[in-house]
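Working notes, structure below.
The values are calculated or read from the model by the stated rules, or taken from the named source; none is laboratory data. Everything numeric in this text was worked out from a predicted model, so none of it was measured. All Cβ positions, even for glycine, are placed from backbone atoms using ideal geometry, and neighbour counts span all protein chains on display.
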């Protein structure tokens, strides 16, 4: 698998790429080493000679995003900007190429200049302003080298970019937004940039074009974006147009029109319309109980506190009144019903609570939506546990295999499954049900086998536990999926031609026993000779021991398939626990 080094990983596109790419990701930000260790890939373009180039070879792709990108700063602080954008950048790229690495350099549509024509990749460049001139100089310096490719980027749209954040804040405060006009670009959606980078990584050597315009198919002004916001987000939003000052356009073109001859070779489809992006960049409301732990959402709390597209509301599946309150406030377009008492072992100890929460709780939620007459598209998450103890000759498990639940949790999810389909059939509600097979990854709860194994290994590496991993049943056969693939599947479930009343198996493609999974985790450990010890308290009275899904129905309907391999999932899970343990957290032994 390719290794990817993101230069400029703390910027907006860099953060998005870091989250979305399914490969070994390394970043050049100083503070990203585990356990407080200095990041060996730390880079400052003002001092590029300090970088450890011997870490690179022909397995690497370097994505170069870093730059001083403000046209105003590049004009007013030219010497400093030139040292970063040209001297430091060229020094760094030259040495990466000498080590055999491939380099994707992010340039700008400003290299074309300001003529009122449509520029494709073959057009003559007359850079407008010093920032554009610096980008073009780097392009020209490496233009004849096969391992060097260029993305010329137009204006990047996301609902949380600077401009959209500004008008969103104005709308929330009921203030009039003041918008420069004219200022027009072929606006490109951030998701298309991510997809284009993914495809290039997969096929770098065989993708022939040297330069690709990364642009949308439609020329849009800031006024156009404001109108789309008004149409799709807030019909009461108000704005006024301002003539930009002469200084604003001193170093910027009013209009740059671009089209791409080659972007379709990377996207294999039309670029995403900004209308669609505006409509599908969702506001997320999470229902939680007042005592719900926040560990798994720490990375979202800043957005929650700023009320930036992520909101938490108090509610409880066992309190019908609270469900009514939440639903009346939000009136959701989509509902993902993931809440449950979800630990099979706990269900043996607390069967009544499990059945009440999972069966009656689902009924309360769907009944509240029905009573309020909210036209939501609803995902009810059941579980592969509903199939229970399946004979070997019935593998792989398709949707119509008979239910044979093997624990109170599985029984409760059988009820959840049937209730979801009942509300779809009887009340014509848009409910779809999934039976998700084993899925895991970073932030997985430590009551599940793979996560408690990873936690124990991380603690052993820090000498917080003796070198013994305590285990339950290691013979159970599981098919492993990454939670990030699972979330993508859930999104596609409700957005790709959703069919009310349908039910789908979703799962991974890599099957092995729990014991083999543990062996792989141990192979990743920095400690040798870790022993395995059976702990009878970790055994279930009855176990669903053969879990191998047939996911063909869902794949055919949506086009979804797994992207993240088993090895990356387990490595990321172990690194998650290493980071948690390294921060000094104290954990319950389980």
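So that you can scan it fast, the table gives a plain yes or no per residue for (1) over 30 Å from the mean Cα position of the chain (by Cα); (2) buried (at least 22 other Cβ atoms within 10 Å of the Cβ); (3) in a loop (DSSP other than H, G, I, E, B):
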site: 423; (1), (2), (3): yes, yes, no
site: 426; (1), (2), (3): yes, no, no
site: 433; (1), (2), (3): no, yes, no
site: 450; (1), (2), (3): no, yes, no
site: 453; (1), (2), (3): no, yes, no
site: 456; (1), (2), (3): no, yes, no
site: 459; (1), (2), (3): no, no, no
site: 463; (1), (2), (3): yes, no, yes
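Residues 511, 476, 523: which one is over 30 Å from residue 335 (Cβ atoms), out of contact with any helix residue (DSSP H, G or I) (no Cβ under 7 Å at 6 or more places or on another chain) and crowded, with 17+ Cβ neighbours inside 10 Å? Before you say what the answer is, go through the steps one by one.
Numbers: 476 fails: out of contact with any helix residue (DSSP H, G or I) (no Cβ under 7 Å at 6 or more places or on another chain); 523 fails: crowded, with 17+ Cβ neighbours inside 10 Å.
After ruling out the rest, the residue left standing is 511.
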- [ ] Name, by its number, the condition in (1) touching a strand residue (DSSP E or B) at 6+ places or on another chain (Cβ under 6 Å); (2) buried (at least 20 other Cβ atoms within 10 Å of the Cβ); (3) modelled with pLDDT of 90 or more that does not hold for residue 138.
- [x] (1)
Task: Residue check, residue 493 modelled with pLDDT of 95 or more, buried (at least 18 other Cβ atoms within 10 Å of the Cβ), in contact with a helix residue (DSSP H, G or I) (Cβ under 9 Å, 6 or more places away or on another chain) and not in a strand (DSSP E or B) - done: no
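Of the residues 167, 179, only one is assigned to a strand (DSSP E or B) and either touching a helix residue (DSSP H, G or I) at 6+ places or on another chain (Cβ under 9 Å) or surrounded by 14 or more Cβ atoms within 10 Å (Cβ to Cβ) (or both); which? Let's see the steps before the verdict.
Numbers: 167 fails: assigned to a strand (DSSP E or B).
Among 167, 179, only 179 is assigned to a strand (DSSP E or B) and either touching a helix residue (DSSP H, G or I) at 6+ places or on another chain (Cβ under 9 Å) or surrounded by 14 or more Cβ atoms within 10 Å (Cβ to Cβ) (or both).
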Task: Residue in region 234-260 that is farthest from the chain's Cα centre (by Cα), counting only those that are modelled with pLDDT under 80 and surrounded by fewer than 19 Cβ atoms within 10 Å (Cβ to Cβ) - done: 246
Open item on the list: Given the criteria more than 30 Å from residue 350 (Cβ to Cβ) and assigned by TED's automatic domain parsing to the domain that holds residue 497, does residue 567 qualify?
Closed with: yes
- [ ] Check region 288-311 and report whether any residue there is more than 30 Å from residue 193 (Cβ to Cβ), in contact with a helix residue (DSSP H, G or I) (Cβ under 7 Å, 6 or more places away or on another chain), modelled with pLDDT of 85 or more and not in a loop (DSSP other than H, G, I, E, B).
- [x] no
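With the structure loaded, tell me whether residue 485 is within 30 Å of residue 377 (Cα to Cα), touching a residue at least 24 places away in the same chain (Cβ under 8 Å) and either outside any loop (DSSP other than H, G, I, E, B) or touching a helix residue (DSSP H, G or I) at 6+ places or on another chain (Cβ under 7 Å) (or both) or whether it fails that test. Let's see the steps before the verdict.
Numbers: within 30 Å of residue 377 (Cα to Cα): yes; touching a residue at least 24 places away in the same chain (Cβ under 8 Å): yes; either outside any loop (DSSP other than H, G, I, E, B) or touching a helix residue (DSSP H, G or I) at 6+ places or on another chain (Cβ under 7 Å) (or both): yes.
The answer is yes for residue 485.
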Open item on the list: Any residue that is under 27 Å from the mean Cα position of the chain (by Cα), assigned to a helix (DSSP H, G or I) and either assigned by TED's automatic domain parsing to the domain that holds residue 477 or crowded, with 20+ Cβ neighbours inside 10 Å (or both) - is there at least one of those in region 540-552?
Closed with: yes
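Wholly within region 318-365, which helices (runs of 4 or more DSSP H) include no fewer than the required count, namely at least 1 residues that are closer than 12 Å to residue 408 by Cβ and out of contact with any strand residue (DSSP E or B) (no Cβ under 6 Å at 6 or more places or on another chain)? Talk me through it step by step, then tell me what you get.
Details: elements: 320-330, 344-349, 351-355.
Counting at least 1 such residues, we get 344-349, 351-355.
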